Amino acid sequence: MGDGFQALDIILFAMIAAFLVLRLRSVLGKRTGHQKRRPNMVSDTKPEPNHNDNVAELPSETQESVAIESENVDPDDPVASGLAAVRGVDSSFDANNFISGARAAFEIVVKAFADGEKGKLRDLLNNEVYDNFSDAIDHREKKGEVLETAVIGIKSADILEARVEGRTAFVTVKVVSEQVNATKNKDGLTVDGDENQVLDVIDIWTFARNTRARDPNWTLVETKSPQ
């Protein structure tokens, strides 16, 4: 009897551990310190192949389920087709979990940029985006200016596009947020923005991930505003 209960406990703990691993894989921008550095990716380039990523192919039953799902996707819906393509190369991808992670990453990046915390930005951005953010921070600091930013809330976050290029998945998200932004000079005077005004800010961010790499995290590879 005692051995039976012990076996049930082991099975239960194994199931809980498996569930936690799957949940952690869907989180954006978090590193454990033991993961490999993410590849340098931008929206119009492909990362170099990583022959050290000893990642197993999808099992046949997973490939079959992805094929069935793809048959049910509306070919006239480019977003749905793109998401199906992403799931085709990454069976763990979940659009709802991705959006949750993108919202969290958005707030972290916006705050880190305002505070000039390059270390936090380094973990979430690819080289090109990081260099642009870093240059803007340096320019601001040389002028003795301080950027005060507060994200009051995120009104919406929607996937605009998803695609796969080689082994790399790209997902573009439109984020509408309420923000307060004010740039102050070294004398504390506001030179841009208004610390008493809440504005709707629209950002379009593209994240990318090498689906064959061990690192499950996504990297911000492009930022832009609507035309």
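Of the conditions (1) in contact with a Ser or Thr (Cβ under 7 Å, 6 or more places away or on another chain); (2) within 28 Å of Ala85 (Cα to Cα), Val191 satisfies every one except a single condition; which number is it?
Val191 satisfies every listed condition except (2).
Restricting the search to region 105-153, which residues are in contact with a helix residue (DSSP H, G or I) (Cβ under 6 Å, 6 or more places away or on another chain) and within 22 Å of Gln197 (Cβ to Cβ)?
Listed by number, the residues that qualify are Phe113, Leu147, Thr149, Val151.
Go through the residues of region 206-221 one by one and say whether even a single one is surrounded by fewer than 19 Cβ atoms within 10 Å (Cβ to Cβ), out of contact with any helix residue (DSSP H, G or I) (no Cβ under 6 Å at 6 or more places or on another chain) and at pLDDT 95 or above.
no
Take the residues in region 126-142 that are surrounded by 15 or more Cβ atoms within 10 Å (Cβ to Cβ) and free of Cβ contacts under 8 Å to residues at least 60 places away in the same chain; name whichever of them is farthest from the chain's Cα centre (by Cα).
Arg140
For region 129-147, does any single residue satisfy the condition of being part of a strand (DSSP E or B) and farther than 24 Å from Asn96 by Cα?
Among the residues of region 129-147, at least one is part of a strand (DSSP E or B) and farther than 24 Å from Asn96 by Cα, which makes the answer yes.
Is region 155-172 home to any residue that is farther than 27 Å from Asp94 by Cβ and either modelled with pLDDT of 95 or more or assigned to a loop (DSSP other than H, G, I, E, B) (or both)?
Within region 155-172, none of the residues are farther than 27 Å from Asp94 by Cβ and either modelled with pLDDT of 95 or more or assigned to a loop (DSSP other than H, G, I, E, B) (or both).
Given the structure, is Asp200 in a strand (DSSP E or B) and not hydrophobic (A, V, I, L, M, F, W, C)?
Taking the combined requirement at face value, the residue satisfies it.
Got a sec? Which helices (runs of 4 or more DSSP H) wholly within region 77-125 have at least 2 residues that are touching a residue at least 60 places away in the same chain (Cβ under 8 Å)?
Result: 78-89, 95-115.
Specify which of the listed residues (Val151, Val79, Val109) is out of contact with any Asp or Glu (no Cβ under 8 Å at 6 or more places or on another chain), crowded, with 16+ Cβ neighbours inside 10 Å and of a type in the set (Val, Ile, Thr).
Val109
The values are calculated or read from the model by the stated rules, or taken from the named source; none is laboratory data. Note that the coordinates shown come from a computational prediction; the quantities given were computed from them, not determined experimentally. FYI the Cβ positions are ideal-geometry reconstructions off the backbone, even for glycines, and counts take in every protein chain you see.
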